[in-house]
Amino acid sequence: MKTSGRLAAFAVAGLLATLPACSESDGRGGAGARTGADTARPKAHGAPFRGGHPGAAGARDPYFPELGNGGYDVTHYALTLAYDPGSGRLKGTAEITAKATADLSAFNLDLLGMQVQSATVDGREAQVRQDGQELTLQPRDHLRKGAAFRSVVHYAGTPESITHDHGWREGWLRTDNGAVAFGEPTGSMSWFPGNHHPSDKASYDITVTVPKGVQAISNGRLRAQHTNGDRATFHWHQAEPMASHVATVAIGSYDIRTSRTRSGIPVVSAMDTTAGVDEDGAVLGRFPEIMEWAEGRFGPYPFSTAGVIVDQAADVPYALETQTRPTIPAGIFHTTNVVHEMAHQWFGNSVTPRTWRDMWLNEGFATYAEWLWTEDHGGASAQDHFDRNHAKAADDDEWDFPPAEPPSASDISGQPVYVRGAMVIHKIRQAVGDEGFRALVRGWTQSHRHGHASTRDFTSYVEARAGRDLDSIWDSWLYGDGKPS
């Protein structure tokens, strides 16, 4: 994510803070990689099973304890949506393929503001209960641990955006000629039911029907497009694992521009025709150069397609690293933001944080990518950026808290997470040298490709590559209070 200024709090008042916080997971990184959907019909489980218990209603994230759910792991979402830009009404069917990680009598999904019409589990009607953001499904037969199952949820309504204390919004946002979905950190639950925590990634098929003459852009590759009467349908497929907060749909009028990178990655970008931005292609024209540079710095691009979405979303002052195709408002579409959001494809999308406490791994690396870009293109060096920030007074908000320990959900996108996070990366570079740093970064993105990682995973990895402990960096820059000396 990148803003036009400081990104303020992401607090969702009264929605997600009703359970106590928990400590950071000690699990190892790199797990959970999936490259496609299991579309086979689950086999019958035999005699009805009655030994299950309700799955947890939250993943117990340190900052959003009710976000996500326990007891299952999603492998694939097939979302079929129909949207009317005039009325703002959305009708959807979510087909969710998952594996039970516990014996389940019931399980939860996150869905806010939409009305469920019916639901089935393995083709049989399930009992449905909605309470705030919690959608509970109780299958006819309990689910055994290890069993694959498929849930289908039919729902409809006018999606709600989520407004934060600072007045900015996320979720399903209506625009003058359509809508755009921003999901970080909680907004995806406003437009489809799911296990909405970054620790559970899945492949996606997103099929959107809109009025003829309107376009629908999403993640991954466009599999099919057709028109039937006065309606047009677009089917997008995201094969590599994706966290739900970087899933997106953009609906409107777009100029679609296609190309390929030097390494052969197809690039599909969507430029809002009402935005009047980058008409000479000066910014988008640098996309192949940015991709080639990023691959040299961070390793092979982790996805099978790339691009950007530029939309006229005037009340959204931030860009978002929506997977394969970052969404950037027209007012802040410039090279620096493209560099930042493309860096997130490696840091945040492919290597995804285990919890929202690990946000600095996303934003610290993406901010440092900006510093590396200017260094490699005749501008200020990363050391210049570091020195300029370190010169700020001790009472500057940059030193408000340690980047690895934001005090609350309202701080996970604060300045220390971005800038001081980047300063941690620079201190590591100083410790291991330029060549060692390049190898370290490329090794990190490769070893955790399409997986998850925590801060502890990262510090252990760095020390193993450095061949010594780096407590002086962790104690002062990553976890220390106040301005490091």
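Points worth noting:
- At a probe radius of 1.4 angstrom, the accessible area of the chain per residue rounds to 37 square angstrom.
- Beta bridge orientation in the chain: antiparallel %, DSSP, nearest 5: 80 percent
- Sorted largest first, the principal axis extents computed over the alpha-carbon atoms of region 46-130 equal 48, 37, 23 Å.
- Hull volume per residue, based on the alpha-carbon atoms of region 354-426 and their convex hull, is 73 Å³.
- Extended-chain gain in nm, criterion 0.36 nm per residue less alpha-carbon gap, Asp176 and Ala464: 98.5 nm
- Rounded to 10°, Cα long-axis angle of helix 359-376 versus longest principal axis of the chain: 50 degrees
- Residue-span extension gain [Ile256 to Thr101] - 0.36 nm each, minus C-alpha spacing: 51.6 nm
- Under conditions of 25 °C and 0.890 mPa s, region 277-365 yields 182 µm² s⁻¹ as its translational diffusion coefficient, taking Rh as the Kirkwood radius over Cα pairs in the Stokes-Einstein equation.
- Efficiency of FRET between Ala391 and Gln430 - r from beta-carbon atoms, R0 22 angstrom, step 0.05: 0.85
- Once backbone amide H atoms are built at 1.01 Å from N, Thr248 has Asn219 as its partners under 5 Å, excluding neighbours fewer than 5 places away on the same chain.
- The helix-only estimate of mean residue ellipticity at 222 nm for the chain, built from DSSP H runs of length n ≥ 4 each weighted as -39500 (n - 2.57), is -6000 deg cm²/dmol after division by the residue total.
- Value of D in µm² per second that Stokes-Einstein yields for the chain, Kirkwood Rh from Cα pairs, at 10 °C (1.306 mPa s): 70 µm²/s
- Only Cα pairs under 8 Å and 6+ residues apart enter the sum, and on that basis the relative contact order of the chain stands at 16 percent.
- Lys-Lys pairs in the chain that are eight or more residues apart or on separate chains and whose Cα atoms lie under 29 Å of each other come to 16.
- Using the Cβ-Cβ distance between Gln115 and Ser485 with R0 set to 51 Å, the FRET efficiency from 1/(1 + (r/R0)^6) comes to roughly 0.35.
- Ala380-His226 FRET efficiency (beta carbon distance; Förster radius 51 Å; 0.05 resolution): 0.55
- C-alpha long axis of helix 421-432 to longest principal axis of the chain, angle in °: 60 degrees
- Against the main long axis of the alpha-carbon atoms of the chain, helix 455-466 sits at an angle near 40°.
The values are calculated or read from the model by the stated rules, or taken from the named source; none is laboratory data. Because the structure is predicted, anything quoted here is derived from the model rather than measured. Ideal geometry is used to build each Cβ from the backbone, glycine not excepted, and the neighbour counts take in all protein chains shown. Protein only, heavy atoms only, side chains kept; ligands, DNA and RNA dropped before computing areas. Shrake-Rupley method; radii C 1.70, N 1.55, O 1.52, S 1.80 Å.
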